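A.B. asks: Provided herewith is a single structure, encoded as structure tokens, for subsequent inquiry.
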Amino acid sequence: MNKTALGALLRERRALIDPESHGFTRPTGQGRRAPGLSQHQVDQLLHRTLGTYHRLESGNYPNPPTVLLRDVALLFDLDEQEWVSLCRLALLQDPPGPLHQSSGKEIPGFWQDAVDGIGHMAYVTDSSWDLIAHNSAFASLFPEGQMPSNTMRWMLLDPQGRKLLTDWHNAWAPWVLPQLRAALVARPEDETLRQIEKEVLEDPDTADMYETGATLIHADGHERPLLHGRKGPGWVSICAAQPMTAPGSRLFILVFRRGSSRPHPRLPMLRAH
């Protein structure tokens, strides 16, 4: 626990909450004049024992439960990046999931310009794997110009996906299915992901693999065979990243090389000199 930074974050955000917005009245005579909610009022609003929040803000609450941190974050109206900071400062680890289930559904508009400026196939999906931005190079992958609305469903269940993703049963499905499972762990109430899981469990080609598959949670750095809609067979190197303001969203850059065999041995890792 980083007591100094944790206390500074909590005091700063507590001072921004108007007590009157929560039904408290400010003293008119002598008494407390500090801005924002008092520590006692935080305990009242969170239905916690008196002194609970004081222990957290003062850094005297080792390993505070995530549910307490979440309640504080929601009361203080933290954004997703502040939620990550709170968990890192209090628990020395990232949060188990997003603060708001609605997060990861949108990204700043200039991301489209950024994706358009990438020469390789590139696209961005939201936390439900719905496609929200792509460039023309990615669109060219699809021979009939029919872009998938949800890339997870397309990779696992769409007949066109199973055709273009070469050696789908061995090179793609066993590695994509665990990503669906991981996404549902972080967002168990996501209706889109739940529906995809339902369809996966009803499909004889995916049901068994989903139940017994690997534990991969991302494909960054993988190379897989691909049948490009215009360029023919080849291999794609997958680069994956995340827009920081939208937890659960993903940027994929697909580096395609023609040929039926791997284009080169695995490249060495990059390191600063």
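A.B. asks: Look at ALA8 and say whether it is over 27 Å from ALA186 (Cβ atoms) and part of a helix (DSSP H, G or I). Don't jump to the end; show me each part of the working.
C.D. replies: Details: over 27 Å from ALA186 (Cβ atoms): yes; part of a helix (DSSP H, G or I): yes.
Judged against the criteria, ALA8 is a match.
This table checks each residue for (1) of a type in the set (S, T, N, Q); (2) within 25 Å of ALA139 (Cβ to Cβ); (3) in contact (Cβ under 8 Å) with a residue 60 or more places away in the chain.
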| site | (1), (2), (3) |
| --- | --- |
| GLN179 | yes, yes, no |
| LEU184 | no, no, no |
| PRO204 | no, no, no |
| ARG230 | no, yes, yes |
| MET269 | no, no, no |
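A.B. asks: Taking into account only those residues within region 131-177 that are of a type in the set (S, T, N, Q) and assigned to a helix (DSSP H, G or I), which is nearest to GLU197 (Cα to Cα)? Lay out the reasoning, then the answer.
C.D. replies: Kept after step one, since they are of a type in the set (S, T, N, Q), are these residues of region 131-177: 135-136, 140, 146, 149-151, 160, 166, 170.
Applying the additional criterion that residues be assigned to a helix (DSSP H, G or I) yields 136, 151, 160, 170.
Numbers: SER136: 30, THR151: 14, GLN160: 19, ASN170: 19 Å.
This residue is THR151.
A.B. asks: Look through ILE238, ILE217 and report the one residue that is loosely packed, with under 15 Cβ neighbours inside 10 Å and touching a residue at least 12 places away in the same chain (Cβ under 8 Å).
C.D. replies: Working: ILE238 fails: loosely packed, with under 15 Cβ neighbours inside 10 Å.
From the options ILE238, ILE217, the qualifying one is ILE217.
A.B. asks: Right, next: What about SER149, is it without any contact (Cβ under 8 Å) to a residue 40 or more places away in the chain, hydroxyl-bearing (Ser, Thr, Tyr) and under 21 Å from GLY229 (Cα atoms)?
C.D. replies: On the way: without any contact (Cβ under 8 Å) to a residue 40 or more places away in the chain: yes; hydroxyl-bearing (Ser, Thr, Tyr): yes; under 21 Å from GLY229 (Cα atoms): yes.
So SER149 passes the test.
A.B. asks: Considering region 156-182 alone, what residues qualify as being buried (at least 17 other Cβ atoms within 10 Å of the Cβ) and either within 19 Å of the chain's Cα centre (by Cα) or among the hydroxyl-bearing types (Ser, Thr, Tyr) (or both)?
C.D. replies: THR166, TRP175, VAL176, LEU177, PRO178, GLN179, LEU180, ARG181
A.B. asks: Test VAL42 against the stated conditions and say whether it is free of Cβ contacts under 8 Å to residues at least 40 places away in the same chain and either under 28 Å from GLU20 (Cβ atoms) or crowded, with 18+ Cβ neighbours inside 10 Å (or both). Lay out the reasoning, then the answer.
C.D. replies: Values: free of Cβ contacts under 8 Å to residues at least 40 places away in the same chain: yes; either under 28 Å from GLU20 (Cβ atoms) or crowded, with 18+ Cβ neighbours inside 10 Å (or both): yes.
Yes; evaluated as a whole, the condition is true for this residue.
A.B. asks: Go through the residues of region 105-123 one by one and say whether even a single one is assigned to a loop (DSSP other than H, G, I, E, B), aromatic (Phe, Trp, Tyr) and buried (at least 21 other Cβ atoms within 10 Å of the Cβ).
C.D. replies: Taking region 105-123 first, the residues assigned to a loop (DSSP other than H, G, I, E, B) are 105-109, 117-120.
Subsequent filtering for residues that are aromatic (Phe, Trp, Tyr) retains none.
No, because not a single residue in region 105-123 is assigned to a loop (DSSP other than H, G, I, E, B), aromatic (Phe, Trp, Tyr) and buried (at least 21 other Cβ atoms within 10 Å of the Cβ).
A.B. asks: Can you pull out every residue in region 220-273 that is assigned by TED's automatic domain parsing to the domain that holds ARG162, assigned to a loop (DSSP other than H, G, I, E, B) and more than 21 Å from LEU164 (Cα to Cα)?
C.D. replies: Selection gives GLN242, PRO243, MET244, THR245, ALA246, PRO247, GLY248, SER249.
A.B. asks: What's the total number of residues in region 132-143 that are surrounded by 17 or more Cβ atoms within 10 Å (Cβ to Cβ) and free of Cβ contacts under 8 Å to residues at least 40 places away in the same chain?
C.D. replies: Going through region 132-143 one residue at a time, the tally reaches 4.
A.B. asks: Can you name the condition, by its number, that ASN63 falls short on among (1) under 29 Å from GLY104 (Cβ atoms); (2) out of contact with any helix residue (DSSP H, G or I) (no Cβ under 8 Å at 6 or more places or on another chain); (3) loosely packed, with under 13 Cβ neighbours inside 10 Å; (4) touching a residue at least 12 places away in the same chain (Cβ under 8 Å)?
C.D. replies: The failed condition is (2).
The values are calculated or read from the model by the stated rules, or taken from the named source; none is laboratory data. These numbers come from a predicted model, not from an experiment. Cβ coordinates were reconstructed from backbone atoms using ideal geometry, including for glycine residues, and neighbour counts include every protein chain displayed.
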